[in-house]
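Please read the structure below before turning to the comments.
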Amino acid sequence: MVLVIIDHADGKIKKSSLEAATYAAELAAQTGTTAEALIAGTISEDASLLGLQGIKKVHTLSDVSLNNLDAQVHTAVISEAVEKTGATIVVFSNNSYGKSVAPRLSAKLKAGLVAGATALPDTSNGFVVRKSVFSGKAFANVGILSAKKIISLNPNAFHIADGGQKAELVPFAASVPQPKVTVTGTEKVTGEVSLSEAEIVVSGGRGLKGPENWYLVTDLAHALGAATACSRPVADSDWRPHHEHVGQTGLAIAPNLYIAIGISGAIQHLAGVNRSKTIVVINKDPEAPFFKAADYGIVGDAFEVVPKITEAVKKLKGIS
Amino acid sequence: MKILVCISKTPDTTAKIAFSDNNTKFATDGVQWIINPYDEWYSLVRAIEIKEADPSTVLHLVNVGGADSEPIIRKALALGGDEAIRINLEAGDAFCIASQIASVAKEGGYDLILTGKETIDYNGSSIGGMVAELLNIPYISHALKLTLDGNEVSCVREIEGGEETDKVTLPVLVSCQKGMAEQRIPNMRGIMGARTKPLKVLEPVAVDALTQIVSYDLPPAKEGVKLIPADQPEELVRLLRDEAKVI
Ligand SMILES: Cc1cc2nc3c(=O)[nH]c(=O)nc-3n(C[C@H](O)[C@H](O)[C@H](O)COP(=O)(O)OP(=O)(O)OC[C@H]3O[C@@H](n4cnc5c(N)ncnc54)[C@H](O)[C@@H]3O)c2cc1C
Ligand SMILES: Nc1ncnc2c1ncn2[C@@H]1O[C@H](COP(=O)(O)O)[C@@H](O)[C@H]1O
C-alpha cells in the first residue's frame, strides 16, 4: 500500500499535497496496490474528496494539536500509521512540511528517502526515483534499497487528477506525544500566491532600479494571478523580502510560467528557476545570458514593455 | 553551551555540471570546491556570533568526507570554531552521513546542532532531520532566525507563504537559511590560527546505505528563444495562451 501524507494549512489541503496524492495513486496502480492518505490534524474541507485524486481510504487523526508542526510528534504519529496500515511506500510533498518530517521518518523506519522526486519511479529493475539535483541543473536517478520507501515529490512536478470516486473516511486512533516545539506565532503574506506552489511567477531583478518600481512586477502578477519573486541582489538590498529570493541559494521553483524582468540570468539564478516549463525574459540587453535559457523573449526597456504586457493580459482576461 | 556545526563540501556555484563513467559519477575535473553556502554563510556565522556573545561557548565543526575535505574544513576554522572533526567516509547516502554525525554528536553531548538548509549539489534537505531523529531531539527546519535565552531557543522558520515562530528547549537541531546571519570573509588572523586548531579524524561507524545513485542526466537543452518585437506585447500574450498554453 502507498500512503500519502496530506499537508494542510488554515483548514485546507495544500495544492502540493493533491499532486502528491495523485502521484501516490498512480504509483499504486503501477505497482498493483492501492493508495491511502493520512491527515494528521483538522481540516474544514471534505477529506473524502481526495478520492478524486485516486485515493481509496483516508485515515483521519483529528487532533488540533497536530495543526502545529513538531516534526518529532508528526514522525511518531506517521510511523504508527505506517505500521498499522502496513504501508510500504510513503509519499510526501517536498515542501516545508515534507522537508521537516520525511527525513526523520526515514531515519526512524530505516526507509530510504528520495527527496525532490520529479517523476514516478522506474520499477522495471529495482526501484529508481528521478530527482532534481544541482539546484535543477541536473537529475539523479536514485535507487531505494530498503524494503520500506519514502518519496518526497517536488511541488509543481506532477499533475492533479480529478476523476476518481469519493474515498472512504476512517478515523485513525494514535497516541499523540506531547510536543516539545511550541508555535508562538505565524505570519502569512495574505492574499498572495505562495511562491513554491505558484503556477505562474513574475520575477524582477536589479534592472528595475529600485523598490519603487516594483509595481511593474506586482501589476503583471496580479493580472496573471501569479506569485512574485526576485533575484538575490534585490533581496540583499531589501528591495523585496528574503522569501522572494529564488536561485541556487534561495528558493528553487518550477512553475508553468516564469517571467523574468530585468534579470541578467546568472548561473546561480538560473539554477533555481530552470525547471520552469516556460520561461519569458524581458531585458534591454540582447546579450543577457538569460535569453539562452528562455522560450520567449522581448529585448526592450522593462519600463515601456511590461505595462503593455499587463494591459494585454488584462484585455485577454477581460479585467479592466 | 556546546555547539556542533555540520559542514559539507560542494562544487562552486559556477562549476560545470557534467558526468563521467557512463553518467554514473559527477565529473570533478577542474571543479573548485567550496563550503556549502548555507553552512558557511548562515549556520557557521550564527554559531560564531553566539560564541562571541558568550566566550565560554564550545564550538565544534564536523564534516563527513575524505582527506580532500580538509581545505574547506580549515577555511571554516579560519572563520571561527575551536576544533573540527572529520569522519573519514568518502561515499555514502544521506542516512550514512547522518549516522556518522549522530554518533559524533552523541559522544560530544552538544546542546545545539546546526546544519544548512540543504547542500547545493544533492539538494536533499535531509541530513538535519535524520540526525535529529537518530538523537531523538527536536528539529526546526529552514530557520531564518535563531535567538537563545538561557536554555530556550526561539526560531523563525519559513513556511509556505509566510513565517512561523517556534520555541523549544535545548538540545535541538536547527537547519539554517538566509536571514540567519551575514556572510563573513576569513581574516589573516583567522587563517593563521586555523592552521593550529585541532582537526581530529575519526573512522566511520558501519552503516548500510538506504539509497544509491544509479545514474545522472542533464535536462534537455532549450530549443532556442523566440524573440518578440518590443512593440508587440499582445503577440507575447497570444503565444503564451495559444502556443505554450500557460495562461
Ligand atoms: C555563491 C553565489 C550564490 C548566488 N546565488 C544566487 C541566487 O540564488 N539567486 C540569484 O538571483 N543570484 C545569486 N547569485 C548572484 C548572481 O551571480 C548574480 O549576481 C545575480 O543573479 C544578478 O542579479 P540581477 O540579474 O538582478 O542583476 P544584474 O546582473 O545587475 O542584471 C540586471 C539586468 O537588468 C537588465 N536591465 C537593466 N535595465 C533594464 C531595463 N530598463 N529594462 C530591462 N532590463 C534592464 C540588464 O541588462 C541586466 O541584464 C549568487 C552568487 C554567488 C557568488
Ligand atoms: N558530508 C557532510 N558532512 C557534514 N555535514 C553535512 C554533510 N552533508 C550534509 N551535511 C549537512 O547537512 C545539511 C543538509 O544537507 P542535505 O541533506 O544533503 O541537503 C548541509 O547543509 C550540512 O550542514
Task: Cross-link partners of A:Lys188 among aspartates and glutamates (Cα-Cα below 14 Å; sequence separation of 8 or more within a chain) - done: A:Asp10, A:Glu244, B:Glu158, B:Glu160, B:Glu163, B:Glu164
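Past 27 Å, Cα to Cα: identify those pairs from A:Lys14/A:Lys180; A:Lys12/A:Lys315; A:Lys277/A:Lys317; B:Lys16/B:Lys178; A:Lys84/A:Lys149; A:Lys15/A:Lys317, in the order given.
Values: A:Lys14/A:Lys180 25 Å; A:Lys12/A:Lys315 32 Å; A:Lys277/A:Lys317 22 Å; B:Lys16/B:Lys178 25 Å; A:Lys84/A:Lys149 16 Å; A:Lys15/A:Lys317 23 Å.
Violating the 27 Å limit, Cα to Cα: A:Lys12/A:Lys315.
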Task: Integer Hz, Karplus 6.51/-1.76/1.60 couplings in order for region A:136-147, x for Gly and Pro - done: x, 7, 7, 10, 10, 9, 10, x, 9, 9, 7, 5
TODO: Give me a single rounded figure for B:17-23: the average over its residues of other chain Cβ atoms within 10 Å of their Cβ.
DONE: 2
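Given a Förster radius of 41 Å and the C-beta distance between A:Glu304 and A:Gln30 as r, what FRET efficiency does 1/(1 + (r/R0)^6) yield to the nearest 0.05?
On the way: r = 51 Å, r/R0 = 1.24.
After rounding to 0.05, the efficiency reads 0.20.
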Open item on the list: Taking R0 as 51 Å, what FRET efficiency do you get between A:Tyr215 and A:Asp122 from their Cβ-Cβ distance, rounded to the nearest 0.05?
Closed with: 0.60
Open item on the list: Please give the Cα centre distance for region A:253-271 versus region B:109-128, rounded to the nearest Å.
Closed with: 26 Å
Task: Point-charge dipole on Cβ atoms (K/R +1, D/E -1) for region A:200-317, about Cα centre, debye to 20 - done: 320 debye
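Over 28 Å between Cα atoms: which of A:Lys209/A:Lys314; A:Lys99/B:Lys145; A:Lys131/B:Lys200 fall into that group? Can you show the working numbers first?
Working: A:Lys209/A:Lys314 25 Å; A:Lys99/B:Lys145 18 Å; A:Lys131/B:Lys200 34 Å.
Long pairs (Cα-Cα over 28 Å): A:Lys131/B:Lys200.
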Task: Semi-axis lengths, Å, region B:111-151, gyration tensor of Cα atoms, sqrt of 5 times eigenvalues - done: 20, 14, 7
- [ ] Give the residues of region B:124-146 whose amide nitrogen is closer than 15 Å to a point set 7 Å from the Cα of B:Thr169 in the direction of its Cβ.
- [x] B:137-138
- [ ] Would you be so kind as to identify which of A:Ala223, A:Gly185, A:Ser196 lies farthest towards the positive end of the dipole of region A:171-284, taking Lys and Arg as +1 and Asp and Glu as -1 on Cβ and the Cα centre as origin?
- [x] A:Ser196
Open item on the list: Debye calculation, C-alpha points only, no solvent: report log10 I(q)/I(0) for region B:2-217 at q = 0.14, 0.17, 0.18 Å⁻¹, in the same order as the q values.
Closed with: -0.84, -1.24, -1.39
Task: Whole-Å distance, taken between Cα centres, linking region A:123-138 and region A:140-169 - done: 14 Å
Task: Residue-wise HN-Hα coupling along region B:89-103, computed from phi with Karplus coefficients 6.51, -1.76, 1.60 (Hz; x: Gly, Pro) - done: 10, 7, 10, x, 7, 3, 5, 4, 4, 4, 5, 5, 5, 4, 5
Task: region B:147-247 - Debye-derived log10 I(q)/I(0), Cα point model, q = 0.16, 0.17, 0.19, 0.23 Å⁻¹ - done: -1.07, -1.08, -1.10, -1.15
Open item on the list: How large is the translational diffusion coefficient of chain A in µm² per second when you combine the Kirkwood radius over alpha carbon pairs with Stokes-Einstein at 37 °C and 0.692 mPa s?
Closed with: 158 µm²/s
Task: Evaluated at q = 0.11, 0.17 Å⁻¹: base-10 log I(q)/I(0), Debye formula over Cα of region A:200-317 - done: -0.29, -0.73
Open item on the list: Please check: in the Gaussian network model of chain A (C-alpha springs, under 10 Å), which one of A:Leu27, A:Leu69, A:Leu220 has the largest mean-square fluctuation.
Closed with: A:Leu69
Task: Nitroxide proxy distance, nm - points 7 Å out along Cα→Cβ at B:Ala27 and B:Glu235 - done: 3.8 nm
Open item on the list: Quick check: convex hull over the Cα atoms of the protein assembly as shown, volume per residue in Å³, rounded to an integer?
Closed with: 156 Å³
TODO: Within a 10 angstrom radius of each residue's Cβ in A:123-135, how many Cβ atoms of other chains show up on average? Whole number is fine.
DONE: 4
Open item on the list: Under 10 Å, Cα contacts only: if you run a Gaussian network model on chain B, which one of B:Ile159, B:Ile140, B:Ile73 comes out with the highest mean-square fluctuation?
Closed with: B:Ile159
Task: Amide hydrogen neighbours beyond the local backbone of B:Ser8, cut-off 5 Å, H modeled - done: B:Asn36
TODO: Have a look at B:Ala230, B:Ala194, B:Ala78 and tell me which one the Gaussian network model of chain B (Cα, springs below 10 Å) gives the largest fluctuation.
DONE: B:Ala230
TODO: Assign unit charges at the C-beta atoms only (+1 for Lys and Arg, -1 for Asp and Glu), then state the dipole size of chain B relative to its Cα centre in Debye, rounded to the nearest 20.
DONE: 620 debye
Open item on the list: Between region B:188-219 and region B:1-71, how far is it from one alpha carbon centroid to the other, in angstrom?
Closed with: 8 Å
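Laboratory data are not the source of any read-out in this text; all were calculated from the coordinates shown. Since this is a predicted model, take the numbers as computed values, not measurements. Positions of Cβ are backbone-derived with ideal geometry, glycine not excepted, and every protein chain shown enters the neighbour counts.
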